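Chemist: Below you will find the structure I want to go over with you.
The values are calculated or read from the model by the stated rules, or taken from the named source; none is laboratory data. It should be emphasised that the depicted structure is a prediction, and the values quoted were computed from it without experimental measurement. So basically every Cβ, Gly included, is an ideal-geometry build from the backbone, and we count neighbours across all protein chains shown. Heavy atoms of the whole protein, side chains included, go into the accessibility calculation; ligands, DNA and RNA do not. Shrake-Rupley method; radii C 1.70, N 1.55, O 1.52, S 1.80 Å.
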Amino acid sequence: MKELKSIFEEEYGKNDQPLQCFFAPGRVNLIGEHIDYNGGYVFPAALSLGIYGLLRPRSDQTIQLKSTNASVKIYVDLLEPILYTEEDGWGNYPKGVIKSLQDRGYSLGGYDILFSGNLPDGAGLSSSAALLVLTTYMLRWAAGDKDMDRAEIALFSQKVENEFIKVNCGIMDQFAVAMGQEDCAILLDCETLTYKHIPCVLGEYSLVIMNTNKKRELAESNYNQRRDECEQALAIIRQHRSVANLCQALPKDITTYLDDDLLRRRANHVVSENRRVILASQLLEQGNLIAFGKVMTESHLSLKNNYEVTGPELDSIVEQALGAPGCIGARMTGAGFGGCAIALVESSKLQGFQRTVAKGYNKTTGLTPDFYEARIADGVKVLEY
Ligand code: GLA
C-alpha cells in the first residue's frame, strides 16, 4: 500500500488533502454459467486478487484517472458532456460511472484517482466488473454516501456496462464483486436477487484457477448470440406455456416445443445447469466435495457440447486437469471462449498437478498456462492504512 501511495504522489504530487484507498475483488464462478441472463441461480465467489483504487479530492471540476496497468491518462471535465471514446480504452469504465452518477443527480467534485490491479485482463475473472464497482463505490463514498446498498451498486454498475460500454452482460459479476464475503460463495437467484452466503469449506482440497492465456476473441458477439438463442427458445416455449424465464422451463417443454436442434441444446444447457447449481450448493453445504467436483465437470461438458462456449484451449486445460493426480473436478469459469478454468485439487498434490497440466496443455495447444493461488475474499471495501 505504501508503494502505491508513493506512485500516487509521483503522479499527482503531494498536498494536504486526504488520500483514501479502496479495493474491489475479481470473481470466479464455481458453477452456473450463462445462467444469470436466463433468470436462474449462479454460485460465484469474490477473490483476493482484484483492483486497488486511490482517490484524493481536487479543488477544481476535473477528475484525473491513471492506472499502473496502462499508459493512457484520462481527464474528465465534469462541466462537459462525458462520451465513450475508443482512445480512452479502459478509462471508459470509470467515465461511464461518472456520467451515470451525474445523470442520477450526484454532484461530484474533482478527484485525482489511481488504479492498480493484479487481476489478469481479459481472463474471465471480471476485471471490468471490479473496475466499475470500485469506481462507483469510491465516488459515492467520497461524496459522503458511506452506507451504500451493495446490491444497488451492483445493479448500477451493470447498467453502466450495458448502456455506456455496450456489453450486454448479466448481473452475476457485479453482484459477486459488490457482495462477496471471505471464504463464502454466493448462491444468487438472478430473477429476484435474493442470495445466500454459503461457506466454501474445501477441507483437504484447493480451488486452483488456471488461465489458458488464450485471449477471448469474438467473445462479445458470441455472447450476444447465445443470449439471442435463449430468447428465441423462451419465446417458442411461451407460445405454449407461461414460464417466468428459460430456467423455469421443464425438460419436457424442450423436447415437446423446440424442434430446432441448436435451440434444444442451448435450452438443455440452461435448464440442466440451473439444476446443477442448486445441487452443487447443497453438496458444498454437506461437505461432499467429491460429488461437488463431479457436478463441476458435468457443467463443463454441457458448456462444451450443448452451449458451445468452451473452445479447444478451455477443453484441453480441463481435460489435462481431470487427468492429473489429485483433481476431483474442473470446468471453465466466466463467459468462456478462452480465459480461465477452475479445478478442485488435493492440496498435497498441487505442485505435481500444475506441472502435469502445464506440460499436457502446452503439448496440445502450444500455450503456457498460468495458475493463481487466490483466496475467497470480501467484496468491495475501503482500506485502512
Ligand atoms: C460474463 C458475464 C456474466 C455471465 C457470465 C457467464 O462473465 O459478464 O454476466 O453471463 O459471462 O456466466
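Chemist: Got a number for residues in the stretch 102-125 being of a type in the set (S, T, N, Q), open to solvent by 60 Å² or more (accessible area, probe 1.4 Å) and under 21 Å from the mean Cα position of the chain (by Cα)?
Modeler: Looking only at that region, the number is 1.
Chemist: Can you run down the residue pairs with Cβ atoms below 8 Å, 6 or more apart or on separate chains, where the first is in the stretch 320-334 and more than 13 Å from ILE290 (Cβ to Cβ) and the partner is of a type in the set (Phe, Trp, Tyr)?
Modeler: GLN320/TYR361; ALA321/PHE353; ALA324/PHE353; PRO325/PHE353
Chemist: For the stretch 301-309, indicate whether the set of residues that are within 16 Å of the ligand (Cβ to nearest atom) and among the basic types (Lys, Arg) is non-empty.
Modeler: Yes, there is a match, as at least one residue in the stretch 301-309 is within 16 Å of the ligand (Cβ to nearest atom) and among the basic types (Lys, Arg).
Chemist: Restricting attention to strands (runs of 3 or more DSSP E) lying wholly within the stretch 1-73, give those where 3 or more residues are crowded, with 16+ Cβ neighbours inside 10 Å and within 16 Å of the ligand (Cβ to nearest atom).
Modeler: Values: elements: 20-29, 44-57, 62-67.
Because the criterion is at least 3 residues that are crowded, with 16+ Cβ neighbours inside 10 Å and within 16 Å of the ligand (Cβ to nearest atom), the strands (runs of 3 or more DSSP E) in the stretch 1-73 that meet it are 20-29, 44-57.
Chemist: Here's something else I'd like to know. Looking at ARG275, is it out of contact with any Ser or Thr (no Cβ under 8 Å at 6 or more places or on another chain), basic (Lys, Arg) and open to solvent by less than 60 Å² (accessible area, probe 1.4 Å)? Talk me through it step by step, then tell me what you get.
Modeler: Working: out of contact with any Ser or Thr (no Cβ under 8 Å at 6 or more places or on another chain): yes; basic (Lys, Arg): yes; open to solvent by less than 60 Å² (accessible area, probe 1.4 Å): no.
So ARG275 fails the test.
Quick grid of which residues meet (1) farther than 19 Å from GLY53 by Cβ; (2) at pLDDT below 95; (3) more than 15 Å from the ligand (Cβ to nearest atom):
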| residue | (1), (2), (3) |
| --- | --- |
| LYS146 | no, yes, yes |
| LEU155 | yes, no, no |
| LYS159 | yes, no, no |
| ASP173 | no, no, no |
| ASP183 | yes, no, yes |
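Chemist: If MET138 meets every condition in (1) touching a strand residue (DSSP E or B) at 6+ places or on another chain (Cβ under 7 Å); (2) assigned to a loop (DSSP other than H, G, I, E, B) apart from one, which number is that one?
Modeler: Result: MET138 passes all but (2).
Chemist: Would you confirm whether or not the stretch 331-341 contains a residue that is of a type outside the set (Asp, Glu), open to solvent by 50 Å² or more (accessible area, probe 1.4 Å) and within 28 Å of LEU187 (Cα to Cα)?
Modeler: Residues of the stretch 331-341 that are of a type outside the set (Asp, Glu), as a first pass: 331-341.
Of the ones still in play, those that are also open to solvent by 50 Å² or more (accessible area, probe 1.4 Å) are none.
No, because not a single residue in the stretch 331-341 is of a type outside the set (Asp, Glu), open to solvent by 50 Å² or more (accessible area, probe 1.4 Å) and within 28 Å of LEU187 (Cα to Cα).
Chemist: Got at least one residue in the stretch 173-189 being open to solvent by less than 20 Å² (accessible area, probe 1.4 Å), touching a Cys at 6+ places or on another chain (Cβ under 7 Å) and of a type in the set (Val, Ile, Thr)?
Modeler: No, the conditions are met nowhere in the stretch 173-189.
Chemist: If I ask for residues that are aliphatic (A, V, I, L, M) and either closer than 23 Å to PRO44 by Cβ or out of contact with any Ser or Thr (no Cβ under 9 Å at 6 or more places or on another chain) (or both), which ones from the stretch 328-372 would you list?
Modeler: Restricting attention to the stretch 328-372, the residues satisfying the condition of being aliphatic (A, V, I, L, M) are 328, 330, 332, 335, 341-345, 350, 357-358, 367.
If the condition is that a residue be aliphatic (A, V, I, L, M) and either closer than 23 Å to PRO44 by Cβ or out of contact with any Ser or Thr (no Cβ under 9 Å at 6 or more places or on another chain) (or both), then ILE328, ALA330, MET332, ALA335, ALA341, ILE342, ALA343, LEU344, VAL345, LEU350, VAL357 are the ones that fit.
Chemist: When you look at ALA151, is it within 16 Å of the ligand (Cβ to nearest atom), surrounded by fewer than 21 Cβ atoms within 10 Å (Cβ to Cβ) and not in a loop (DSSP other than H, G, I, E, B), yes or no?
Modeler: Details: within 16 Å of the ligand (Cβ to nearest atom): yes; surrounded by fewer than 21 Cβ atoms within 10 Å (Cβ to Cβ): yes; not in a loop (DSSP other than H, G, I, E, B): yes.
Taking the combined requirement at face value, the residue satisfies it.
Chemist: Ok, one more. When you check LYS99 against the structure, is it buried (at least 19 other Cβ atoms within 10 Å of the Cβ) and either in a helix (DSSP H, G or I) or within 16 Å of the ligand (Cβ to nearest atom) (or both), yes or no?
Modeler: On the way: buried (at least 19 other Cβ atoms within 10 Å of the Cβ): yes; either in a helix (DSSP H, G or I) or within 16 Å of the ligand (Cβ to nearest atom) (or both): yes.
Against the criterion (buried (at least 19 other Cβ atoms within 10 Å of the Cβ) and either in a helix (DSSP H, G or I) or within 16 Å of the ligand (Cβ to nearest atom) (or both)), LYS99 qualifies.
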